[in-house]
Amino acid sequence: MRTLFNIICSSKVKYSIFIIFLFFVYTLFCAINYVDAVSSDISDSVFRLHVIANSDSVEDQNLKYIVRDDVLEYMNEICGNVSSKEEAMEIVSSHLEDFRRVASNTVSSHGYSYDVNVEIGNFDFPTKSYGDISFPCGFYDALRIKIGDAAGKNWWCVMFPPLCFVDVSSGIVPDSSKADMQDNLSGEEYALISSKMDFKFKLIEFFQNIKILTAEK
């Protein structure tokens, strides 16, 4: 009698463990699908700028910011009225040599002989906040400008929607930039980057960091 009772109890335990395992797998599957969908939608709506300094010396870091400012000024001239990421990327793609020229002229005019390489690609970015808007880490299309050996610290921003000129210290993104983001994102995705869904934001960060680490191996 006791043996039969032990068998029944053992079966119940195994069944419970199996159900818990299935629930875990289902939850994990749903979480991964959610992260993939939301991350893809956000990255598909954003075009970023990535400037890499020659080194971490004070002089090279200062040069990086000067190059950034001149590149953004040119970007604003040719893309001031774009309404979509695709349009921004198309314009930048057709002016890549001009961007290289602007950056190179800035470098040489400040007494440096560094080469400048300019390219558009899909690169990994860390989590970054611009005022009251935050973008999770992940892979984003970007214009990358590499100065000299490109061995120094990075500087990055969002070219579309236009957040590169946001005063981060104020903690406020202009309504016009927010309107562009709302036009290109779903309600939940916009709420996510507006820091209204902290748990989901952390969930995306967790899985995206795993992707980035895996891609780097």
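The table below lists the values:
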| quantity | calculated |
| --- | --- |
| Search result, residues across the stretch 82-95 that are assigned to a helix (DSSP H, G or I), in contact with a helix residue (DSSP H, G or I) (Cβ under 6 Å, 6 or more places away or on another chain) and under 14 Å from residue 162 (Cα atoms) | 88 |
| Scope the stretch 43-81; condition more than 20 Å from the chain's Cα centre (by Cα) and in a loop (DSSP other than H, G, I, E, B); matching residues | 54, 55, 56, 57, 80, 81 |
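Where a number appears in this text, it was derived from the coordinates with a stated rule and is not lab data. As the structure is a prediction and not an experimental result, all values here were calculated from the model. Every residue, glycine as well, gets a Cβ built from its backbone with ideal geometry; the counts of neighbours run over all protein chains shown.
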